[in-house]
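This report refers to the structure that appears directly beneath it.
The values are calculated or read from the model by the stated rules, or taken from the named source; none is laboratory data. All values derive from a computational prediction rather than experimental measurement. Here the Cβ positions follow ideal geometry from the backbone for every residue, glycine too, while neighbour counts run over all protein chains shown. In case anyone asks, the SASA skips ligands and DNA or RNA and just uses the protein heavy atoms, side chains included. Shrake-Rupley method; radii C 1.70, N 1.55, O 1.52, S 1.80 Å.
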Amino acid sequence: MGNGRTALITGGTGGLGVAVVTAFIAEGWRVVTPVRAGSVGKLPEGAVPLVADLTDETEVTTAVTAAVTARGPEAPLRAVINLVGGFATGPLIADAPYAGLVAQLDQNLRPTYLVTQAALPHLVEAGGGSIVCVSSRTALSPFPGGSAYAISKAAVLAFAASVAVEYRSKNVRCNTVLPSVIDTPVNRAAMPDADFGKWVRPEQIAPTILFLASEASAPTSGAQIPVYGRA
């Protein structure tokens with residue numbers, strides 16, 4: 001199965017991840033998804049699971065290498081989709097412990113940094129490819145109590161922009177999507193009184209990510225693309 005291309009997609013068992021993995025498989029990509037132990041059963045059919053802790057540099061390197069070498073030149077790594085992240089709120093900055101910011105950076109920046117770092121040499125060796133990161137509208141428009149989350153997602157934007165600049169001469173591009181509130185069961189449970197109809201659905205975000213991974217978006221790198229829905 002596949003069109004000669006491998007996509008490494010993190011967060012493949014999450015609310016957005018399932019939609020993205022499904023979209024890539026439908027387009028004929030070979031999809032490899034690192035997951036935590038016990039989460040393999042949540043992946044869409046056709047995805048190749050690799051058990052790994054994406055906050056651990058050694059495990060990330062092992063997982064990326066396994067994703068690339070399993071099929072070798074038959075299906076080289078052409079896309080890295082960084083979906084892993086986390087959300088937390090807290091007190092205003094004067095009362096917010098620095099540890100809360102570190103925790104959000106560990107959830108939102110660390111996996112994206114480590115996975116991308118490990119994958120870049122393989123993308124370069126394969127002749128180029130696409131990296132897609134997920135930030136948030138909050139990175140541009142913070143809300144009270146969300147400083148740690150906003151800062152961590154702004155760091156993702158800066159990281160993606162840096163990758164785009166450093167690797168454009170090597171035919172590797174990096175773009176970022178910025179959702180508003182994603183319509184997932186977890187978010188509905190957390191905000192039961194919200195107008196869910198204004199939120200952006202995972203199935204609406206997935207085609208944008210798929211486009212950014214495809215050759216159709218070859219001229220595009222360093223973009224920050226809003227996917228807000230009506231929120």
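The 3J(HN,Hα) values that the Karplus relation (6.51, -1.76, 1.60; θ = phi - 60°) gives for the range 183-190 are, in residue order, 7, 10, x, 5, 5, 5, 5, 6 Hz. Gly and Pro appear as x. Close amide H partners of A223, meaning residues 5 or more places away or on another chain with modelled amide H under 5 Å apart, are T176. Amide H contacts of V31 (H built 1.01 Å from N, in plane; Pro and chain starts excluded): A7, V48 sit under 5 Å, all sequence-distant by 5 or more or on other chains. Across the range 100-117, coupling constants 3J(HN,Hα) worked out from phi with the 6.51/-1.76/1.60 Karplus curve, θ = phi - 60°, read x, 5, 4, 4, 6, 5, 5, 7, 9, 9, 4, x, 4, 5, 5, 5, 4, 4 Hz, and Gly and Pro carry x. The charge dipole of the chain, taken about the Cα centre with unit charges on the Cβ atoms of Lys, Arg (+1) and Asp, Glu (-1), comes to about 400 debye, rounded to the nearest 20.
The list [x] 14.3; [y] 13.0; [z] 12.3 gives values of mean projected area of the Cα convex hull in nm², and only one came from this structure; which label was calculated from it? After the calculation, the listed value that fits is [z].
What is the magnitude of the charge dipole of the range 113-194 about its Cα centre, with +1 placed on the Cβ of each Lys and Arg, -1 on the Cβ of each Asp and Glu, and no other charges, expressed in debye to the nearest 20? Working shown, then result.
On the way: 6 positive and 4 negative charges, 29 e Å.
About 140 debye.
When a 1.4 Å probe is rolled over the protein heavy atoms, the share of accessible surface on the range 52-196 that falls to carbon and sulfur comes to 58 percent.
With protein chains left intact and a 1.4 Å probe, residues in the chain average 47 Å² of accessible area per residue.
Residues whose amide H falls under 5 Å from that of S214, counting only those 5 or more places apart or on a different chain, are absent, with hydrogens built in the peptide plane.
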